[in-house]
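First comes the structure, then the notes that go with it.
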Amino acid sequence: MVPRDTIRSGEVWSDTEGRVIQAHGGGILFHEGVYYWYGEYKDGPTRRSPVDRVDVIGVSCYSSLDLLNWKFEGLALKGVDRPGHDLRPEMVLERPKVVFNRKTGKFVMWAHIDSADYGYARGGVAVADSPAGPFTYLGSVRPEGRMCRDMTVFVDDDGSAYHVYASENNATILISKLSEDYTAHTGVYAKAFENKFWEAPALFKHGGRYYMIASGQSGWAPNPARSAVAPTPMGPWTELGNPCAGGKAGTTFDSQSTHVLPVAGRPGAYVFMADRWNPQNLRDSRYVWLPLRFAEGKPKLEWIDSWSPDQL
């Protein structure tokens, strides 16, 4: 396999063995000099009823030193073919995010766990001793007794962690503070963007302020991205509008947000990660990664055909 030297969004990306990368709706953890990319492993047929989905296979893990060339580390969390289990094939497993807990030394994964009709709407949690797993599934909850769908996890500089998720039938974003071991909710939470139907949230910190990029709700179809800023992860949040500029800004370059990655060792450098969904063949959904910059205090995204992390 010829090493990759640039990022070209929308193309088929292969791992170091030449296999198509399956890491959809995912996020990246940087740990001890290595980037770990986790995502939905969708290498199976698309089921068209009751919604477009792929049977649960598991959460993939890929590793990289340069954000360009990715080694497949295997399934960090595997599906469980057992009646009644959250991870059985006929369920839905989406948007896995992994964070490291400095106090416990554990890697903690949260993901959206759902039934095929999206009525289950829960957050599932798993833990591991190493970044590639294997992760042990602990179970699922409705945080604060509320629905949990599209989600992310954010760890602040002080080690506090927050679970950010679409709730109330996706009408509202909830931000819940997690316990010290990151595996439970504390009951401390805030609502944001009530009745505005934000989903696919990505939360990050820049210049002492907290920023969120998300999408609207339109199924698999892309829509204009949304952004906001706050003095704390709990808010209050001030909307900043669509961060995208140029052609296809109205469809977020035909993609949907999933994660914003702070690049290690480069303060102020970020990678916006998104998915270009293909609902007819979800295993062929592609990735859109773009440099995220700031202009006049607002995040800004522009299309670039080809770029390298060295340019950030």
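Values in this text are rule-based calculations from the coordinates and carry no lab data. Every value quoted in this text rests on a predicted model; they were computed, and no experiment measured them. Here Cβ is always computed from backbone atoms with ideal geometry, including for glycine, and neighbour counts include all displayed protein chains.
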Practice task
Could you please let me know if Y165 is out of contact with any Ser or Thr (no Cβ under 6 Å at 6 or more places or on another chain), among the hydroxyl-bearing types (S, T, Y), in a strand (DSSP E or B) and buried (at least 24 other Cβ atoms within 10 Å of the Cβ)?
Solution key: yes
Practice task
Taking R88 as the residue in question, decide whether it is in contact (Cβ under 8 Å) with a residue 24 or more places away in the chain and among the basic types (K, R).
Solution key: yes
Handout entry: Within region 256-302, tally of residues that are part of a loop (DSSP other than H, G, I, E, B), over 24 Å from D55 (Cβ atoms) and polar (S, T, N, Q)
Key = 0
Fill in the blank from the handout: Exactly one of Q256, Q280 is in contact with a strand residue (DSSP E or B) (Cβ under 9 Å, 6 or more places away or on another chain), surrounded by 23 or more Cβ atoms within 10 Å (Cβ to Cβ) and either of a type outside the set (S, T, Y) or over 25 Å from L68 (Cα atoms) (or both), and that residue is Q256
Practice task
Inspect all residues belonging to region 65-78 and state whether any of them is over 29 Å from W198 (Cα atoms), outside any loop (DSSP other than H, G, I, E, B) and acidic (D, E).
Solution key: yes
Problem - Candidate set from region 32-53 (those that are within 26 Å of L290 (Cβ to Cβ) and touching a helix residue (DSSP H, G or I) at 6+ places or on another chain (Cβ under 7 Å)); member that is surrounded by the fewest Cβ atoms within 10 Å (Cβ to Cβ) - result: D43
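Here's the yes/no breakdown for (1) closer than 23 Å to P3 by Cα; (2) not aliphatic (A, V, I, L, M):
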| site | (1), (2) |
| --- | --- |
| A230 | no, no |
| E239 | no, yes |
| Q256 | no, yes |
| V263 | yes, no |
| W277 | no, yes |
| E302 | no, yes |
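For (1) of a type in the set (V, I, T); (2) surrounded by fewer than 19 Cβ atoms within 10 Å (Cβ to Cβ); (3) closer than 19 Å to R102 by Cβ, each residue gets a yes or a no:
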site: G139; (1), (2), (3): no, yes, no
site: G145; (1), (2), (3): no, yes, no
site: D150; (1), (2), (3): no, no, no
site: D156; (1), (2), (3): no, yes, yes
site: A161; (1), (2), (3): no, no, yes
site: A171; (1), (2), (3): no, yes, no
site: L178; (1), (2), (3): no, no, yes
Handout entry: Flag if G297 is within 22 Å of L203 (Cβ to Cβ), surrounded by fewer than 16 Cβ atoms within 10 Å (Cβ to Cβ), out of contact with any Cys (no Cβ under 8 Å at 6 or more places or on another chain) and of a type outside the set (K, R)
Key = yes
Handout entry: Selection count where residues are assigned to a loop (DSSP other than H, G, I, E, B), touching a Ser or Thr at 6+ places or on another chain (Cβ under 9 Å) and within 24 Å of T252 (Cα to Cα), scope region 168-206
Key = 5
